[in-house]
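These notes are about the structure you will find just below.
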Amino acid sequence: MSVPLPVFVAVPLVTAFLLPIFGKKGKSAATFLANIATIALLVLAIASIGQSNVYKIGKWPIPLGINLVYDGLSSLMLLVISVVSAAAMFFSIRYMEQYTAKAKYLSLFLLMVAGMNGVVLSGDIFNLFVFLEIASLSSYALVGFGCQHEELEASFKYMVLGSIASVFILFGVALVYGNTGSLNMAYISQAIQKSGLNAGLGFALGLFITGFGLKAALVPFHAWLPDAHPSAPAPISAMLSGVLIKALGVYTLARVLFNVFGVTIPIGWILVVLGILSMVAGAFLAIGQWDFKRLLAYSSISQLGYITLGIGLGALIIARAGKDITAEQLAWASLAILGGLFHLANHAVYKSLLFLTSGSVEMATGTRQLKHLGGLAEKMPVTRATCTVASASIAGIPPFSGFWSKLILVIAAIQAGFYWVAAIIVFVSLCTLIMYLKVQRYVFLGELPENLQQTKENKGSMLVAMVFLACLCVLMGLLLVPGLRETILTPAVNVLTGGYSYSADVIKAAGGM
């Protein structure tokens, strides 16, 4: 039995509007309802794995009506969003007690989740923009939720640059509609296949790359991220870095480029260059940081580079081969995209965990400055253990999850003859190891400062959320095991390597005009 697709948007959306009512009865009632909603979404995402569906809103046929598309790529993204959302929401139970207006926080949190779910399910490019704005507006408010000078300044900067990105995307949508007469992505794809790219569509493509690149915070579009992520409450930092920049940036780029416009050699090179720039610049900038959360923010830019590089490398291989692509070349492209998408899932888990551990440290000590910390290994053993697991995973140390996705990217680059790309991946991994050795040295090792002698480990839901994500960091390598790989990862890869077949599959499944 297939899960009705609108529930992925309706559940968080309806709950978000009910929370202020429950908030009047007490914080515990609102918190309980919000946690039930995120757990329900996680259960639905797991239950939907392996399915494919096209849902017509109001039973209107496409392209007249709006449709939601659930395929392998949507399935992977919904699963990642649901896992991180459930962990971040559970962490919020205790962490957000230090803030007021908790019901408003929970409402904004679920609105952001509803927006992200809508983005990854939308088969209509305008409604993709609408859902993107729902998630973005919620995230602007959540970044400034603390209402301190730093938070409000970061939120304003994020809002300004995010709005510029939204304008680029909206102009791109208008140009696409003007040139194809449709907003449905499957029909836009068919129109482009028939007539090719004209000047208007080419300009729209440039606007999309810029707009979604800004949402993803790829270098050189990254200026908002180093301020926004450290300023937000720790669970929101986990959501922003773990899933928001991927759903609103990386996913949308991949969907539009592979399934709507089609990949070309220039597009492949653009993605590869953006990926490498982000990897290298993000790593170098992160190493020099002394603010724990700011270091993690720059590290997110670097890790997004791995994902973009993998997807771009796959696009480049496919575009170079053209219609005469061989089975061997398709295998190289599939492996590169597999590495990128697997790294997307891995990074969502271990970076979310790192931001949660930084929130645990800040809540216990009152600071996130590395030079003011030290010696917390004995005082906060669970936080230290989970942070170590996440650090080992992001640095690519076996057998943790990050090692496997990086290894796949290296192998794909070597097989395709991009030896210099493989060398860059290894080099940036070494830089990542250095930055997280720095975190371990200055936060958990060394002497305990006098003012931190009374520090105690956080308890309850915060620890449960961190341990849950740490277990995933250890176990996610199992996704490469035959059976799980064909169920979760391979369908997502096939959606991108299939390219234009997306349009035919959607129209056939929906029985469109």
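What follows is calculated from the coordinates using simple rules that are stated; it is not laboratory data. No experiment lies behind these values; they were computed from the predicted model shown. Quick reminder, even Gly has a Cβ in these numbers, built from the backbone with ideal geometry, and neighbours come from all protein chains shown.
With a sphere of radius 15 Å drawn around the Cβ of residue 68, what net charge do the other residues whose Cβ falls strictly inside it have (Lys, Arg +1; Asp, Glu -1)? Surrounding charge for residue 68 is 0. Taking only the C-alpha atoms of the range 216-328, Rg followed by Dmax gives 15.5, 51 Å.
Pairwise Cα distances in the range 115-226 exceed 24 Å for 31 percent of all pairs. Gyration tensor analysis over the Cα atoms of the range 374-431 returns equivalent ellipsoid semi-axes of 31, 11, 5 Å (largest first, whole Å).
Since only 405, 176, 87 are under comparison, the one whose Cα sits farthest along the positive direction of the charge dipole of the chain, derived from C-beta charges on Lys, Arg, Asp and Glu, is 87.
For residue 325 and residue 269, the FRET efficiency from 1/(1 + (r/R0)^6), where r spans their Cβ atoms and R0 equals 22 Å, is about 0.80.
Pairs of alpha-carbon atoms within less than 8 angstrom and 6+ residues apart define the contacts here; what relative contact order does the chain have, in percent? Averaging sequence separation for qualifying contacts and normalising by length gives 18 percent for the chain. Across q = 0.15, 0.24 Å⁻¹, the range 182-231 modelled as identical point scatterers on its alpha-carbon atoms has Debye log10 I(q)/I(0) values of -0.56, -0.88, in the order of the q list.
By the count of neighbouring beta-carbon atoms within 10 Å, fewest first, 126, 168, 17, 90 end up ordered 17, 126, 168, 90.
For residue 379, a cut-off of 14 angstrom between C-alpha atoms picks up these aspartates and glutamates, skipping any fewer than 8 places away in its own chain: 362, 447, 450, 457. Volume per residue for the range 154-210 equals 73 cubic angstrom (convex hull of Cα atoms). In the chain, the DSSP-assigned H stretches of four residues or longer account for a calculated mean residue ellipticity at 222 nm of -23500 deg cm²/dmol, using -39500 (n - 2.57) per stretch and the full residue count as denominator. Applying 1/(1 + (r/R0)^6) with R0 = 60 Å to the Cβ-Cβ distance of residue 434 and residue 60, what FRET efficiency is obtained, to the nearest 0.05? For residue 434 and residue 60, the calculated efficiency is 0.60. Quarter the surface of the alpha carbon convex hull of the range 156-298 and you get the mean projected area, 8.6 square nanometres.
Remark: the range 289-379 carries a charge dipole of roughly 260 debye about the Cα centre, counting +1 on each Lys and Arg Cβ and -1 on each Asp and Glu Cβ. So what does the Cα-only Debye profile of the range 306-357 read at q = 0.32 Å⁻¹, as log10 I(q)/I(0), no solvent term? Result of the Debye calculation: -1.07. Return the tail of the calculated pair distribution for the range 291-480, meaning the percent of Cα-Cα pairs more than 19 Å apart. Of the Cα pairs, 59 percent sit more than 19 Å apart. Pairs exceeding 27 Å between alpha-carbon atoms, taken from 102/438; 157/351; 59/323; 56/194; 406/456; 56/104: 102/438; 59/323; 406/456; 56/104.
Expressed per residue, the C-alpha convex hull volume of the chain stands at 129 Å³.
In summary, the range 382-498 shows an alpha-carbon radius of gyration equal to 1.35 times the 2.2 N^0.38 Å reference for compact globular proteins.
What shape does the range 198-278 have by the C-alpha gyration tensor, where a ≥ b ≥ c are the square roots of the eigenvalues, rounded means a/c under 1.5, and otherwise prolate means a/b greater than b/c and oblate the rest? It is prolate, given that a/c is not under 1.5 and a/b is the larger ratio. Cβ-Cβ distance of residue 453 and residue 156, R₀ of 45 Å, FRET efficiency by 1/(1 + (r/R0)^6): the value works out to about 0.70. Screening the chain for whole DSSP H helices with an alpha carbon extent of at least 20 angstrom along the helix axis and a mean Kyte-Doolittle hydropathy of at least 1.6 yields 7-23, 27-47, 72-95, 125-143, 265-287, 419-439, 461-475. Label positions at residue 174 and residue 148, each projected 7 Å from the Cα along the C-beta direction, are separated by 4.1 nm. When each of the peptides 61-68, 215-222, 204-211 is scored by the mean number of other C-beta atoms lying within 10 Å of its residues, the order from highest to lowest reads 215-222, 204-211, 61-68.
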